[in-house]
Amino acid sequence: MFSFEHAHNLGTAVLVFIGLLGGYVLLLRIREYYRESPDPKITYASRTEHEKLRQHLTEALRESRAEVERLRADIRLDNDRINRFITSHRGELSAALAGQALLNQRLTEVSTKLDRLVERP
């Protein structure tokens, strides 16, 4: 059946085989350690996809800048309207205040004259 004459050759062959198998396992572990995770085909975009995204972002930026300029123009217009409204009402309020002051002055004068007339015998 089994002859012990070639046992040391068989042992040497088994040791070499185990060494080679260990080296292969070690090589697989090193390869696994340095492999990209997740798969680059899934994570990286192609040049065409990159260009499409760039065009989309450029268009979105252009639209947002145009919208900001429209909003700024609207704000300027609203600000001008508010300033005109305040200015016109400020004039009306100033005129009303001047009229009130004139009325108060006349009332004071009439009150003073009445007081003098009351004091006369």
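The values are calculated or read from the model by the stated rules, or taken from the named source; none is laboratory data. Please read all numbers here as calculations on a predicted model, not as lab measurements. Please note: Cβ atoms are built from the backbone with ideal geometry, for glycine as well, and neighbour counts cover all protein chains shown. Protein only, heavy atoms only, side chains kept; ligands, DNA and RNA dropped before computing areas. Shrake-Rupley method; radii C 1.70, N 1.55, O 1.52, S 1.80 Å.
Helix 47-119 axis versus longest C-alpha principal axis of the chain: approximately 20°, rounded to the nearest ten. To the nearest 10, the accessible area of Phe85 is 120 Å² with a 1.4 Å probe.
Looking at the stretch 1-62, the GluC sites (Glu not before Pro) that sit in a DSSP loop and have at most 12 other Cβ atoms within 10 Å of their own Cβ are Glu36.
Of the accessible area of the stretch 20-110, with the probe set at 1.4 angstrom, what percent is carbon plus sulfur?
61
Taking all pairs of different Cα atoms in the stretch 1-79, averaging 1/r and flipping that mean, what Kirkwood radius in angstroms comes out?
By the Kirkwood definition, the hydrodynamic radius is 19.7 Å.
Comparing Arg47, Arg29, Arg65 in a Gaussian network model of the chain, where Cα atoms under 10 Å apart are tied by springs, the biggest mean-square fluctuation is seen for Arg29. Report summary: the helix-based calculation at 222 nm, which adds -39500 (n - 2.57) for every DSSP H run with n ≥ 4 and divides by the residues of the chain, gives -32000 deg cm²/dmol.
Relative to the dominant Cα principal axis of the chain, helix 7-34 is inclined by about 10°.
In plain terms, the C-alpha convex hull of the stretch 17-121 casts an average shadow of 17.9 nm² when viewed from every direction.
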